[in-house]
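The values are calculated or read from the model by the stated rules, or taken from the named source; none is laboratory data. The model shown is predicted, which means the values in this text are computed figures rather than measured ones. A quick note on method: Cβ atoms are made from the backbone with ideal geometry, for glycine too, and the neighbour counts reach across all protein chains shown. Remember, those area values only see protein heavy atoms, side chains included, never the ligands or the DNA or RNA. Shrake-Rupley method; radii C 1.70, N 1.55, O 1.52, S 1.80 Å.
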Amino acid sequence: MRGSMSAAATVEGMAGLRSVGLAVVLALAGLMTPGAALARDEVVRQSPMDADYLLRDASGHWAAPRCIGDGVSGPRVQPVFVYRKGTANRFERFRATLQRSTDLTTGIFERSSDTRRTVRWVHDASCRPVIWQVAVPTARSHDLVSLRRYLEDRQPRFRRTDRVYSLWVDSTTSPSWSGLGDDRWSATWSSSWGFVWVDAHELVHALGAIWPSAPHSTGKAHCYDAYDLMCYSDGGPGWRKVTVCPAPQARYRLDCGQDDYFAVAPRRGSWLARHPRANVANSRFLAKVPALVLPAEPAAPAQVARLIDRVTWVSLPGTRYDVGVREPGGSLRWLAQDVVSGDYPLARIGPESRVFVRAVNAAGFSPWVRAGG
């Protein structure tokens, strides 16, 4: 992906923003105090807290990676944590966040295929993706082409043709391509909100999407027909302002309409049926797996009430609940996730703060409901 875009699209385009613009977007997302400013040339590096907040926002769209064979044989996606030589390796601080990110990427592919496709990660005996850690010179950390050349030149393990290398780079970003289409390499930088659904976006690029001749192609490897994972206004000549699949759930799905780059069973005679190589669902780096039975998306929680020191609601069997608070300054933070009791204490939450609850299950999440009272 190249260039910048609005915060309402997908986070990948922030790679092209300068630090002042980034401050504005971070404030909109509640990741920094409204009104705070960044020095013009200040290096922005994401904290695990920032990344984890955004990943928690995707609650309900995660899926635990499945065991595929012995975890190493055949085509696989190899996740890699890249840090700059001479700086601290922050992998342990990011470990839990990166695991959430692989869960979200897995969930996006599974939910988009009715759970009939999953990512073929390099994984251990417990099915968890094995994440390599590598250090690179600072000068080679700002774009994917430089990273790839450096790693291929110095480490034979990066020359395998049966691997997709998915890099998380703890460094500053570049407006260069983050995913090399159909070339088995992708990267996300921590200073551009990396480790969120953009990881899946870049992986889809690395698997070959989106062809310029696809029905809703922008002409620059993205689509224009919805809010799905690969669609946004990228400045391409084919861009049209069309909304077929609405947000927020669509941003965690692949290929609105299943007609541009991902369909397990493309319609007979359709463009994807006639161009099977353009269909990421056919990639050798995805596994065909038995479908799971998923529930319907959850209904919004009912009777959400705020009492003196707690928030309550009617809980339903098989449904989890997330509790959040919006502060007077506008920032949103999570208080709890996966609550099942219909009751949560509100210690040290002032009356001026607005408390929300949403329902979550394996199919997604409901709209927020503000606690009355």
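Can you tell me which residue is nearest to F365 (Cα to Cα) among those in the range 324-354 that are in contact with a Ser or Thr (Cβ under 6 Å, 6 or more places away or on another chain) and charged (D, E, K, R)?
Checked the range 324-354; the qualifying residue nearest to F365 (Cα to Cα) is D343.
Residues of the range 273-290 being open to solvent by 40 Å² or more (accessible area, probe 1.4 Å) and either assigned to a strand (DSSP E or B) or farther than 30 Å from T161 by Cβ (or both), which ones?
K288 - this is the single residue of the range 273-290 that is open to solvent by 40 Å² or more (accessible area, probe 1.4 Å) and either assigned to a strand (DSSP E or B) or farther than 30 Å from T161 by Cβ (or both).
I need the full set of residues from the range 116-142 which are modelled with pLDDT of 95 or more and assigned to a loop (DSSP other than H, G, I, E, B), in order please.
R116, R120, V122, D124, A125, S126, C127, R128, V130, I131, P137 - these are the residues of the range 116-142 that are modelled with pLDDT of 95 or more and assigned to a loop (DSSP other than H, G, I, E, B).
Among the residues in the range 60-70, are any at pLDDT below 95, assigned to a helix (DSSP H, G or I) and either hydroxyl-bearing (S, T, Y) or open to solvent by 10 Å² or more (accessible area, probe 1.4 Å) (or both)?
No, the range 60-70 contains no residue that is at pLDDT below 95, assigned to a helix (DSSP H, G or I) and either hydroxyl-bearing (S, T, Y) or open to solvent by 10 Å² or more (accessible area, probe 1.4 Å) (or both).
I'm trying to understand the selection: among the residues of the range 291-310, which are closer than 23 Å to P248 by Cβ and either of a type in the set (A, V, I, L, M, F, W, C) or in a strand (DSSP E or B) (or both)?
Within the range 291-310, L292, L294, A296, A299, A300, A302, V304 qualify.
Name the residue, out of L22, L104, L26, that is open to solvent by less than 70 Å² (accessible area, probe 1.4 Å), in contact with a helix residue (DSSP H, G or I) (Cβ under 9 Å, 6 or more places away or on another chain), modelled with pLDDT of 90 or more and more than 22 Å from N282 (Cβ to Cβ).
L104
Report every pair of residues separated by at least 6 positions or lying on different chains whose Cβ atoms are under 6 Å apart, first residue within the range 65-94 and more than 13 Å from V130 (Cα to Cα), second open to solvent by 60 Å² or more (accessible area, probe 1.4 Å) and charged (D, E, K, R).
P75/R284
Between D255, D234, D259, which is in contact (Cβ under 8 Å) with a residue 40 or more places away in the chain and surrounded by fewer than 23 Cβ atoms within 10 Å (Cβ to Cβ)?
Only one candidate passes the filter, namely D259.
So which residues in the range 333-351 are in a loop (DSSP other than H, G, I, E, B) and in contact (Cβ under 8 Å) with a residue 40 or more places away in the chain?
L346
Restricting attention to the range 119-158, which residues are of a type in the set (S, T, Y), closer than 14 Å to Y83 by Cβ and open to solvent by 40 Å² or more (accessible area, probe 1.4 Å)?
Residue satisfying the conditions is T138 alone.
Is it the case that some residue within the range 163-176 is out of contact with any strand residue (DSSP E or B) (no Cβ under 8 Å at 6 or more places or on another chain) and modelled with pLDDT under 90?
yes
Considering only the range 352-373, state which residues are open to solvent by 20 Å² or more (accessible area, probe 1.4 Å), in contact with a strand residue (DSSP E or B) (Cβ under 9 Å, 6 or more places away or on another chain) and outside any strand (DSSP E or B).
Once the filter is applied, which keeps residues that are open to solvent by 20 Å² or more (accessible area, probe 1.4 Å), in contact with a strand residue (DSSP E or B) (Cβ under 9 Å, 6 or more places away or on another chain) and outside any strand (DSSP E or B), the range 352-373 yields P367, W368, G373.
Exactly one of (1) of a type outside the set (D, E); (2) outside any loop (DSSP other than H, G, I, E, B); (3) modelled with pLDDT under 95; (4) over 23 Å from the mean Cα position of the chain (by Cα) is unmet by W313. Its number?
Every listed condition holds for W313 apart from (3).
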